[in-house]
Amino acid sequence: MKVVFTPGARADLDDILSFIATNYPGVVDAFERRLDLIIRRIATWPHSAAAVADREGVRVVPLVRYPYKIFYRVTDVIEILHIRYKKMAKQFRRCVIDHAAVERR
């Protein structure tokens, strides 16, 4: 399936990559490879990740080895909603998500 990033997810990713590049420059390539692997897994098996109990239709997959979680939903495409630091992921459940504008990857 086609994977698209919402503007919020794109902003999350930009912030994460900036943080890693500034603080852990030697990890950037490995992080991007891991992210790409997880995105390809989601595209191939979109229903393989755990459902978020209190967000209907939303699934979450951890970026194993890195302290981030990818939140997404499956419609006619896979929408990456947010990429959150694990300790901040609970806040996602309380926020309002604007799905109106989806940036194509």
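What follows draws every value from the coordinates through simple rules; no lab data is involved. Computed from a prediction, not measured in an experiment: that's the story for all the values here. FYI the Cβ positions are ideal-geometry reconstructions off the backbone, even for glycines, and counts take in every protein chain you see.
Name the residues whose placed amide hydrogens come within less than 5 Å of the amide hydrogen of Val58, ignoring near sequence neighbours (fewer than 5 apart) on the same chain.
For Val58, the qualifying residues are Val52.
For the stretch 3-92, what is the percent of antiparallel DSSP beta bridges, rounded to the nearest 5? Provide the component values of the computation, followed by the final result.
Values: 14 of 17 bridges.
Given both bridge residues lie in the stretch 3-92, the antiparallel proportion sits at roughly 80 percent.
What does the highest-first list of 1-14, 66-79, 41-54 look like by mean Cβ count within 10 Å?
Details: 1-14: 16.7, 66-79: 18.3, 41-54: 12.9.
So the order, starting with the most tightly packed, is 66-79, 1-14, 41-54.
For a quick check: with amide H placed at 1.01 Å from N, whose amide H comes under 5 Å from His82's, ignoring anything fewer than 5 positions away on the same chain?
Phe71
Short version: ³J(HN,Hα) in whole Hz for each residue of the stretch 15-20, in order, from phi by Karplus 6.51 cos²θ - 1.76 cosθ + 1.60 (θ = phi - 60°), x for Gly and Pro, what are they?
My calculation for the stretch 15-20 gives 5, 5, 5, 5, 4, 5 Hz in order.
In the stretch 3-92, with Lys and Arg counted as +1 and Asp and Glu as -1 at Cβ, which of these residues, Phe19, Pro62, Thr6, has the Cα nearest the positive end of the dipole, that is, farthest along it?
Pro62
Using R₀ = 30 Å, calculate the FRET efficiency as 1/(1 + (r/R₀)^6) where r is the Cβ-Cβ separation of Ala11 and Leu37; round to 0.05. Can you show the working numbers first?
Working: r = 22 Å, r/R0 = 0.73.
Using R0 = 30 Å, I get an efficiency of 0.85.
How compact and how long is the stretch 1-72, expressed as Rg and Dmax of its alpha-carbon atoms in Å?
Cα only, the stretch 1-72: 12.8, 38 Å (Rg, Dmax).
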